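The values are calculated or read from the model by the stated rules, or taken from the named source; none is laboratory data. Computed from a predicted model, the values in this text were never measured in an experiment. Backbone-built Cβ (ideal geometry, glycine too); neighbour counts: all protein chains shown. Heads up: the accessible areas ignore ligands, DNA and RNA and are worked out on the full protein's heavy atoms, side chains in. Shrake-Rupley method; radii C 1.70, N 1.55, O 1.52, S 1.80 Å.
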Amino acid sequence: MPNKLSKRINHERFNRYVKRSSEVGRTDNNGLHRLALSQADKEIRDQLKVWFEQAGLTTTVDDFGNMYGRREGKNPHLKPIVIGSHLDTQPYGGRFDGVLGVLAGLEVVESLNDDHIQTERPIVIVNFTNEEGARFPQPMLGSGAITEHFNKSFVYEIQDEKGITFEQALQEIGYVGKEEYRLKEAEYYLELHIEQGPMLERNSKQIGVVGGIQGMDWLDVNVIGEKNHAGPTAMEDRKDALASSARMISTLYEITNSYSGLKTTVGKLHVHPNVANVVPGNVEWVLDVRHEDDTLRMTALDEMRHALKQQAALDGTSVTVNELWASPAVLFDEDVLGAIEKSTDNLGLTRMKLYSGAGHDSKYMPYFGKTGMIFIPSVQGVSHREDELSHDHDLHNGVEVLLHTVMQLDAN
Ligand SMILES: [Zn+2]
């Protein structure tokens, strides 16, 4: 049996998995268009089943279409080490987002098979349904459902743009499994993912040790002024809701820059009446604020609410602020992060700690067990696009770190 530190994955085999996956739902520009529960999704699911069988795994499918491949441990009564992510993509998305995490799980298992290594704990690879939320507008649907964040009727009734329900789509591709097969426990959950941001590349680091997922707030801001004719209304007589909003947004960005790591976005405005020669009477916009420290984010939000009122008073407008949505930060497990760091160091790779600005199935998995994520660089931080790219050597480094992390955690 090889010594643990020398254990390596099979690059050619892993490349074959990636190559095959990149053919299923392929776009003209070498991306993937593989929406959840589409025919392309069915095709890659059928392929995954074959791969699971070839790797000697027992395949099961639950009632949300989540697919599992289980490799028995020496002690089948121990809670498993779960490795997962998703095979669905954004419309005209990339080849690696999500896909990497599932294929990496396969390669880890095949590498263990190569050397007849049986882990103490069972290993379960999972392909979660509709992570992207692109077809059925609720991201991380499959992982959220098994962790009881969404109930079954909510999930089954969600419709796509054409009015097809999740349940119908699941039936159509023949992936309605059994409730009894839902994942119920995990000692550890590991997800390898592309960064979808530029930090690793910018800092010339090979591995991202993900400390957690940023918390996020969405506030609906409604600024009310006075609608008036652009010609006759003197500047000093105006209560221009758009000009007031512009000043507010500028102030919010200043506040944002005074908090390290805080991110604020205003990406959506509704201007009323949105006519060229009318002073806007009312502007409604959405404020998106993110940070991994919930307390810091709350403090910043308080300051922002206060600044909005102040600016409105100066401009003679009024403002109402309503919370649309709040998602607290998720912090990953220190033991798992430690194992990832140690594996990275043992392999002689460079690393940095960072936080995910995007959601992942890992967000819900701490419900079951100790969770951690590994990032590898995305070229220019691009993702959700056909030209999303991670280099082979970075993909291989990530899978290697995943394999070593699994072996380390199993020895705990
Ligand atoms: Zn993803």
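Sticking with the crude label model, points 7 Å out along Cα→Cβ, report the distance from V176 to E120 in nm, one decimal please.
Result: 4.2 nm between the two label points.
What is the distance, in nm, between label points placed 7 Å from the Cα along the Cα-to-Cβ direction at N203 and at E72?
The modelled label-to-label distance comes out at 4.3 nm.
Only Lys, Arg, Asp and Glu count, each charged at its Cβ (+1, +1, -1, -1), so figure out the dipole size of the range 268-412 about its Cα centre, rounded to 20 debye.
440
Rank P80, P273, P198 by mean-square fluctuation in a GNM of the chain with C-alpha springs under 10 angstrom and give only the top-ranked residue.
Residue with maximal mean-square fluctuation among P80, P273, P198: P273.
Under Stokes-Einstein, with the Kirkwood radius over Cα pairs standing in for Rh, what whole-number D in µm²/s applies to the range 37-91 at 37 °C and 0.692 mPa s?
D = 260 µm²/s.
Between 0 and 90 degrees, rounded to the nearest ten: what's the tilt of helix 392-410 against the longest Cα principal axis of the chain?
Once rounded, the angle reads 70 degrees.
Against the longest principal axis of the chain, how steep is helix 39-54, in degrees 0 to 90 to the nearest 10, with axes from Cα atoms?
Roughly 30 degrees between the two axes.
Would you kindly work out the equivalent ellipsoid of the range 215-327 from its C-alpha gyration tensor and give its semi-axes, the square roots of five times the eigenvalues, largest first in whole Å?
So the equivalent ellipsoid measures 28, 13, 10 Å along its semi-axes.
Solvent-accessible area of R45, probe 1.4 Å, all protein chains present, reported in Å² to the nearest ten, please.
0
May I ask for the net charge around R247, where only other residues with Cβ less than 15 Å from the Cβ of R247 are counted and Lys, Arg are +1 while Asp, Glu are -1?
0
What number, in percent, do you get for the relative contact order of the range 215-327 if the mean sequence gap of Cα pairs under 8 Å and at least 6 apart is divided by its residue count?
46
Taking only Cα atoms, what is the 0 to 90° angle, nearest 10, from helix 294-315's long axis to the longest principal axis of the chain?
Its long axis makes an angle of about 20 degrees.
Check the straight Cα-Cα distances from K342 and name the lysines below 17 Å, setting aside those fewer than 8 residues away within the same chain.
Excluding near neighbours in sequence, the set is K4, K7, K205, K353, K370.
Given the whole protein assembly as supplied and a 1.4 Å probe, what does the accessible area of E334 come to in Å², nearest 10?
120
Could you check the simple spin-label distance between K263 and V275, using points 7 Å along Cα→Cβ, in nm with one decimal?
In this crude spin-label approximation the distance works out to 3.9 nm.
Students often forget the sequence filter, so: which lysines lie under 28 Å Cα-Cα from K239 once same-chain residues fewer than 8 apart are removed?
Cα-Cα hits under 28 Å: K227, K268, K309.
Round to a whole number: what % of the accessible area of the range 215-327 belongs to carbon and sulfur, probe 1.4 Å?
Taking all protein chains in place, the range 215-327 shows 53 percent carbon and sulfur surface.
Which values of log₁₀ I(q)/I(0), to two decimal places, follow from the Debye formula for the chain at q = 0.12 Å⁻¹ with a uniform point scatterer at every Cα?
Computed log10 I(q)/I(0) values: -0.96.
On full extension of the chain, what length is gained from D335 through H11, given 0.36 nm per residue of separation minus the C-alpha to C-alpha distance?
113.8 nm
Where Rh is the Kirkwood radius over the Cα pairs of the range 11-68, the temperature 37 °C and the viscosity 0.692 mPa s, what D in µm²/s does Stokes-Einstein return?
Stokes-Einstein gives a translational diffusion coefficient of 265 µm²/s.
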